[in-house]
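No value in this document is a laboratory result; all are computed from the given coordinates. Because the structure is predicted, anything quoted here is derived from the model rather than measured. Quick reminder, even Gly has a Cβ in these numbers, built from the backbone with ideal geometry, and neighbours come from all protein chains shown.
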Amino acid sequence: MELSNLSDYQTSEKITVKMEIGSIVLRIVAAVIDFVVQSAAFILMYILFIVVIFGVISNAASDWDSGFSEVFFWVIGVIFLLLVLFILAYQLIFELIWKGQTIGKRVMKLRVVNDDGSSPTPLSIVLRNLFRIVDLLPVSYIVGFITMAINKQNKRVGDLVSGTIVIRDTMDKLPDSPVLSAPLIDLAGKEEMIRDAFPDKEKELFNEYLAAVFTLDKAVRLSVESKIINLIENRTGIAKPSKVTNMEFISAINKIF
């Protein structure tokens, strides 16, 4: 079985996004890592809560009676339920915070992105995790495994519904935001001219580039950046400063939009 394969997608502006799709093997390993983390977190948190509660009880031992003991066991039950809910929401929480990654995915260098290579929206992450219930049927991800095995993008049901795909993330560190500051670019007084120079459809091109830049193949990324920079310079007469990166220059123009 191949560990990965390449697949091309195109955005609405015909930007080609070349993505190395995460294999079933790598996703299973990531899932096992996440399961170990979830189990360890559950055990440690439960023990911690028990220790704290018994500490409170030991300080109030003289007030112990049948009524208090009943309340105590109800509290234990509620805590257990909250822990279970946390474990169930583990994937959702981490994918929202880490932009499509869990601990297991980060270790295995996997990431959830939209089909066009852009960062997943909160809605798409919520959808793919809600449909995890279907993937789990009847037990142990049987439906999800079969679904991944019969489509070339290795998508489970949640990915098909939400329009997401799991790819190999080979970058050492994904920046927190594609919108970077560029202090060396002075655009003061040119904002209106820049906004008027581009129709709305071309402005969308900037957003799509910045959303997908971290998953673009290097050669494709450089080609796209060159075309966008040429477009900016021809439309506005503003040249990219030599000490500013392509992404910073494009980002600075996009922030004006």
Exercise. Expressed in nm to one decimal, what extension gain is obtained for the pair ALA89 and ILE229 from 0.36 nm per residue of sequence separation less their Cα-Cα distance?
Worked result: 46.2 nm
For this session: Calculate, for LYS152 and LYS255, the FRET efficiency according to 1/(1 + (r/R0)^6) with r their C-beta to C-beta distance and R0 41 Å; round to the nearest 0.05.
Result: 0.60
For this session: For VAL161 paired with PHE73, estimate the spin-label separation in nm (one decimal), with each label point 7 Å from Cα along the Cα-to-Cβ line.
Result: 3.7 nm
For this session: Would you mind getting the Kirkwood hydrodynamic radius of the stretch 191-256 from its Cα pairs, rounded to one decimal in Å?
Result: 12.1 Å
Problem set entry | Chain lengthening between VAL220 and ALA40 when straightened (0.36 nm per residue, less Cα-Cα) | 60.6 nm
Seminar exercise, completed: Exposure-ranked with fewest Cβ neighbours within 10 Å first, SER39, SER242, SER23 stand as SER242, SER39, SER23
Problem set entry | Full-extension gain in nm, ILE50 to LYS201, via 0.36 nm per residue minus C-alpha separation | 48.6 nm
Exercise. From the phi of every residue in the stretch 195-207, what ³J(HN,Hα) in whole Hz does the Karplus formula 6.51 cos²θ - 1.76 cosθ + 1.60 yield, where θ is phi - 60° and glycine or proline is x?
Worked result: 4, 6, 6, 10, x, 4, 5, 6, 4, 5, 4, 5, 4
For this session: Would you tally the net charge around GLN101, using a Cβ to Cβ cut-off of less than 10 Å, leaving GLN101 out, and scoring K and R as +1, D and E as -1?
Result: +3
For this session: Output ³J(HN,Hα) for the stretch 34-50: one whole-Hz value per residue in order, computed from phi by the Karplus curve 6.51 cos²θ - 1.76 cosθ + 1.60 with θ = phi - 60°, and x for Gly and Pro.
Result: 4, 5, 4, 4, 4, 5, 4, 5, 4, 5, 5, 5, 5, 4, 4, 4, 4
Exercise. What list of ³J(HN,Hα) values in whole Hz, one per residue of the stretch 217-225 in order, does the Karplus curve 6.51 cos²θ - 1.76 cosθ + 1.60 (θ = phi - 60°) give from phi, with Gly and Pro shown as x?
Worked result: 4, 4, 5, 5, 4, 5, 5, 5, 4
Problem set entry | Long-range HN-HN contacts of GLY22 with modeled amide H, under 5 Å | VAL166, ILE167, ARG168
For this session: For each pair in LYS152/LYS218; LYS218/LYS243; LYS155/LYS201; LYS105/LYS155, compute the distance between the two Cα atoms and list the pairs where it is over 26 Å.
Result: LYS155/LYS201
Exercise. Please report, for the Cα atoms of the stretch 70-176, the Rg to one decimal and the Dmax as a whole number; what are they, in angstrom?
Worked result: 16.0, 55
